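The values are calculated or read from the model by the stated rules, or taken from the named source; none is laboratory data. Keep in mind it's a predicted model, so treat the numbers as computed, not measured. Neighbour counts are summed over all protein chains in view; Cβ atoms, including those assigned to glycine, are modelled from backbone coordinates with ideal geometry. Surface areas here come from the heavy atoms of the whole protein model, side chains and all, with no ligands, DNA or RNA. Shrake-Rupley method; radii C 1.70, N 1.55, O 1.52, S 1.80 Å.
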Amino acid sequence: MKVSLKKGTASGLSTLVIFAAKDKNGNALTSKLSPSLQNLFQMAQKDASFVGAAKESVFFRGQDADGYTNVLFVGLGAAPNAESIRVAASVVFNSLKGHKVTTAAVLGDSLVKQIKDPALAVQALTEGLALTDYEYTDLKSKPSGKTKSADQAPADKVTKVAGKKVTDKPKLEEIAVLLSAAPTAAQVNAVKRAEILSECQNFARWLGDSPGNYMTPTILADETVKAAKGTGLKVTVWDKARIKKERFGGLMAVNQGSTEEPRFIVMEYNGAGKSTRPVCFVGKGLTFDTGGISIKPSASMEEMKYDMCGGAAVIATMLALAKLKAKVNVIGLVPSTDNMPGPDAFKPGDVYFARNGKSVEVFNTDAEGRLILGDALSYGAEMKPVAIFDAATLTGAILVALGNTHTGVFTRDAKLMRRIQDAAEVAGELVWPMPLTDFHVDDMKGTHADLCNISGGRNAGSSTAAAFLEEMVGRDVPFAHFDIAGTAWSVNGRFPYCPKKGASGIIIRTFVELAESF
Ligand code: BES
Ligand code: MN
Ligand code: ZN
């Protein structure tokens, strides 16, 4: 999917897309149109069928308007912003795909004059199109009838290219935005930025959608190394022996039940001077969470392949920052294992020692995310970053609190919370502040060890989990935890540019903005 910016009115293409907002009186409102397009615009509004509302569209075929055979009107809703454009872009993508149109022009004025920032307008358009243009098809047989043989070893199949499309259906390949003036440098850069952000976001979705047997810790690490080639991002992968030697007791404990080796992925990007302290991101890379000995019920357990989406978000954030050549120093850390029951699995009551020397009593092997993140957070804090952030599908409780729309953010640092909210606002992602206090820390004290991995009480499970993580960071480094358990996948069509079922690729755009804010 390619977006190009061109000066002029004619494109030589047969399809034109026109955006319209909804004005105060509930009528569709667009930029100045030629008489023949105006005529179609009026027809679209007949019987109030098109009022410029969000997700609305009307497609005309077989016309001869300014040389266009097809004209598509798409609504932006009232008071449009960047998010309205992302949503409208997904309507454009799906409508054109439905009508088997592969290249189209956009009437630029109808897009860039609808919001204040004309660069943001083309960025949001590009993001909306590229993010809608994602489908996980790696493991489906092709429409040509060829099926994958069942005995093909997983290791063979993963040589596939990340995000490669195998769908045979024609879909939108190129959009030319026709501007009344030559594109500005800001607009050209905005399209480039959108391409990088969405490409990385789609890569994270692909990592997430890949099932547990195709996305093991080893494969996750290998794919990261592969994706980082030529980007300036340095990737170091620790194997089990190194993880043990570095005293990552939590990661080792969770890995005990598995036949898959754990991995610890260390990513470094240096875009600023040597003396500049880094920003650190940590992501939960749990490739499949059965719950372990405290095994989960069967219903929806398959969704636990998404338990590495925090890790995928951190990998994608690091790739994006490197590709954007951001002027910051950043460290990305992803502890990775699956959580399996087995003869050697860690058991309730077991005590292990974390990287920072604290002893932890395991009362529930399903509260494993905090154990693997704890070691990575301690390790990250040792590098004295300006701030440390983690993203994790950490608790079911955050779904009860916030549902699929908002990512829960936990920090005691009010200034940092403000910075996070500002970054999310620019990125067009939804975050919500959650409590993290001494009460929650108290709940995590152990009986026969320093800490316990679950709280004594039944409630505020997301906050007590955050408190456990904070104990591993210590109090010297500004820290914020992002619980993405409700937003990392299956966002139920609330965001039309995210798959209804499947990984959303959430929090990458916010993390990129956040890193750039330092
Ligand atoms: N990966 C899960 C959290 C999760 C659950 C994410 C459902 C998305 C949907 C995590 O490892 C987990 O199992 N957490 C437990 C913690 C509990 C045992 C304290 C949970 O939330 O039930
Ligand atoms: Mn779990
Ligand atoms: Zn988990």
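Scanning segment 371-411 for residues that are without any contact (Cβ under 8 Å) to a residue 60 or more places away in the chain and not aliphatic (A, V, I, L, M) yields a single hit, 382.
Filtering segment 1-45 to residues that are part of a helix (DSSP H, G or I) and not hydroxyl-bearing (Ser, Thr, Tyr) leaves 35, 37, 38, 39, 40, 41, 42, 43, 44, 45. Scanning segment 464-494 for residues that are within 20 Å of the chain's Cα centre (by Cα) and farther than 22 Å from residue 311 by Cβ yields 492, 493, 494.
Based on what the data block shows, is residue 229 assigned by TED's automatic domain parsing to the domain that holds residue 293, free of Cβ contacts under 8 Å to residues at least 24 places away in the same chain and open to solvent by 30 Å² or more (accessible area, probe 1.4 Å)? Yes. Residues in segment 384-402 that are in a helix (DSSP H, G or I) and within 16 Å of ligand 2 (Cβ to nearest atom): 397, 398, 399, 400. For segment 375-401, filtered to residues that are within 12 Å of ligand 1 (Cβ to nearest atom) and open to solvent by 20 Å² or more (accessible area, probe 1.4 Å), the residue that is nearest to the chain's Cα centre (by Cα) is 394.
Filtering segment 336-354 for residues that are within 16 Å of ligand 3 (Cβ to nearest atom), of a type outside the set (Phe, Trp, Tyr) and closer than 26 Å to residue 419 by Cα leaves an empty set. Per the listing 482, 495, the residue uniquely in contact with a strand residue (DSSP E or B) (Cβ under 7 Å, 6 or more places away or on another chain), in contact (Cβ under 8 Å) with a residue 12 or more places away in the chain and closer than 27 Å to residue 200 by Cβ is 482. Counting the residues of segment 54-75 that are open to solvent by less than 20 Å² (accessible area, probe 1.4 Å), out of contact with any Phe, Trp or Tyr (no Cβ under 8 Å at 6 or more places or on another chain) and over 17 Å from residue 172 (Cβ atoms) gives 1.
Let's see how each residue does on (1) more than 16 Å from ligand 2 (Cβ to nearest atom); (2) of a type in the set (S, T, N, Q); (3) surrounded by fewer than 20 Cβ atoms within 10 Å (Cβ to Cβ):
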| residue | (1), (2), (3) |
| --- | --- |
| 447 | yes, yes, yes |
| 458 | yes, no, yes |
| 506 | yes, no, no |
| 516 | yes, no, yes |
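Among residues of segment 435-455 that are at positive phi and assigned by TED's automatic domain parsing to the domain that holds residue 291, none has a Cβ under 8 angstrom from a residue that is among the basic types (Lys, Arg) and crowded, with 19+ Cβ neighbours inside 10 Å at a sequence gap of 6+ or on a separate chain. Residues of segment 1-52 that are in contact with a Leu (Cβ under 7 Å, 6 or more places away or on another chain), among the hydrophobic types (A, V, I, L, M, F, W, C) and closer than 16 Å to residue 95 by Cβ: 1, 16, 17, 18, 19, 20.
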